[in-house]
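Down below is the structure, laid out as structure tokens.
The values are calculated or read from the model by the stated rules, or taken from the named source; none is laboratory data. As the structure is a computational prediction, the values presented were derived from the model and not from experiment. Cβ placement follows ideal geometry from the backbone for every residue including glycine, while neighbour counts extend to all protein chains displayed. In case anyone asks, the SASA skips ligands and DNA or RNA and just uses the protein heavy atoms, side chains included. Shrake-Rupley method; radii C 1.70, N 1.55, O 1.52, S 1.80 Å.
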Amino acid sequence: MGKQNQAQIAYNSILRDIQENQLTQGQPIIEEEYARKLEMSRTPVREAIRILSVEGFVTVYPRKGAYVSVLTAQDVNDCYEMMEAVEGMIAYLAAQQPSEEHIHLLKELIISMNEQKSLSNFHKWKEYDIQFHRTLHLMCANKLLTYHVEKLFHKTYQIQTQFVSGVNLEKATLEHQAIVDSIIQRDSEQARHYTQQNWSRARHELVNYGYGDKPL
């Protein structure tokens, strides 16, 4: 296995732990532990940490080591504001010529999301939510757009799993249904509107839940 592949494996492992809050904000990332767990040297782990620091998931302090970045209210606001704009355009393009296969998949995901909403199972609901948004990305013909949205999407997962109780599953599921209805009708403007509404509502809810009245 080449060092590049090992670095990718280490990157995926650390990022997954950050997203799922196995590594919490401000927690140190121990190179030796990941090297041992992944059965590799520290070099690819160090490279993975370097990339994650460039992407904002990790903060590296000279002579102190690497730590999971601590998200401020401004970080959360900026991330969701970007997703509101960018994924709004993705939904706009996805609604122009949707395939029946993709529409069927979106409908099935809505059914699954409703089931998990009824069970108040956020983590399972979130799995279907991720599939929903990634399906929108697949439906978008502008691959440069979807490529750049992926890193932001990783960050939103980290934020939502940290503030589980701040996610309104009822409103979120209804917004996803409205997005699907708009796509079925080939109404690009409505698809963009409901997608932007989804991210805007989540942005305000999570900033308020996580940081209260602290100013941005």
- Can you pull out the helices (runs of 4 or more DSSP H) entirely within the stretch 45-155 that have at least 3 residues that are closer than 28 Å to Pro28 by Cα and of a type outside the set (Asp, Glu)? 73-94, 122-139
- Query: Quick one: Gly88 ticks every box in (1) touching a Lys or Arg at 6+ places or on another chain (Cβ under 7 Å); (2) closer than 14 Å to His154 by Cβ bar one, so which box is it?
  - Reply: (2)
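Give the residue, chosen from Glu81, Glu100, that is open to solvent by 70 Å² or more (accessible area, probe 1.4 Å) and either hydrophobic (A, V, I, L, M, F, W, C) or free of Cβ contacts under 8 Å to residues at least 60 places away in the same chain (or both). Don't jump to the end; show me each part of the working.
Numbers: Glu81 fails: either hydrophobic (A, V, I, L, M, F, W, C) or free of Cβ contacts under 8 Å to residues at least 60 places away in the same chain (or both).
One residue alone meets the criteria, Glu100.
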- Message: Looking for something of a type in the set (Phe, Trp, Tyr), at pLDDT 95 or above and buried (at least 16 other Cβ atoms within 10 Å of the Cβ) - is there at least one such residue anywhere in the stretch 200-216?
- Response: no
- Query: Among all residue pairs at least 6 apart or on different chains, which show Cβ distances below 7 Å where the first residue, located in the stretch 108-124, is touching a residue at least 12 places away in the same chain (Cβ under 8 Å) and open to solvent by less than 50 Å² (accessible area, probe 1.4 Å) and the second is hydrophobic (A, V, I, L, M, F, W, C) and outside any helix (DSSP H, G or I)?
  - Reply: Phe122/Val167
- Would a scan of the stretch 161-174 turn up a residue that is among the polar types (S, T, N, Q) and over 20 Å from Val70 (Cβ atoms)? yes
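Starting from residues that are among the β-branched types (Val, Ile, Thr) and out of contact with any Asp or Glu (no Cβ under 9 Å at 6 or more places or on another chain), keep the ones in the stretch 44-67 and report whichever is surrounded by the fewest Cβ atoms within 10 Å (Cβ to Cβ). Don't jump to the end; show me each part of the working.
Narrowing the stretch 44-67 to residues among the β-branched types (Val, Ile, Thr): 45, 49, 51, 54, 58-60.
Applying the additional criterion that residues be out of contact with any Asp or Glu (no Cβ under 9 Å at 6 or more places or on another chain) yields 51, 54, 58-60.
Values: Ile51: 16, Val54: 11, Val58: 21, Thr59: 16, Val60: 16.
Checking each candidate, the answer is Val54.
For every residue, the table says whether it meets (1) closer than 11 Å to Ala91 by Cα; (2) crowded, with 17+ Cβ neighbours inside 10 Å; (3) more than 13 Å from the chain's Cα centre (by Cα).
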| site | (1), (2), (3) |
| --- | --- |
| Val149 | no, yes, no |
| Gln160 | no, yes, no |
| Arg186 | yes, no, yes |
| Gln190 | yes, yes, yes |
| Tyr194 | yes, yes, yes |
- Item | Enumeration of residues in the stretch 62-104 that are modelled with pLDDT of 95 or more and out of contact with any helix residue (DSSP H, G or I) (no Cβ under 9 Å at 6 or more places or on another chain) | Tyr67, Glu100, Glu101, His104
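On the basis of being touching a residue at least 12 places away in the same chain (Cβ under 8 Å), open to solvent by 30 Å² or more (accessible area, probe 1.4 Å) and not small (Gly, Ala, Ser), does Leu174 make the cut?
Details: touching a residue at least 12 places away in the same chain (Cβ under 8 Å): no; open to solvent by 30 Å² or more (accessible area, probe 1.4 Å): yes; not small (Gly, Ala, Ser): yes.
Answer is no for this residue.
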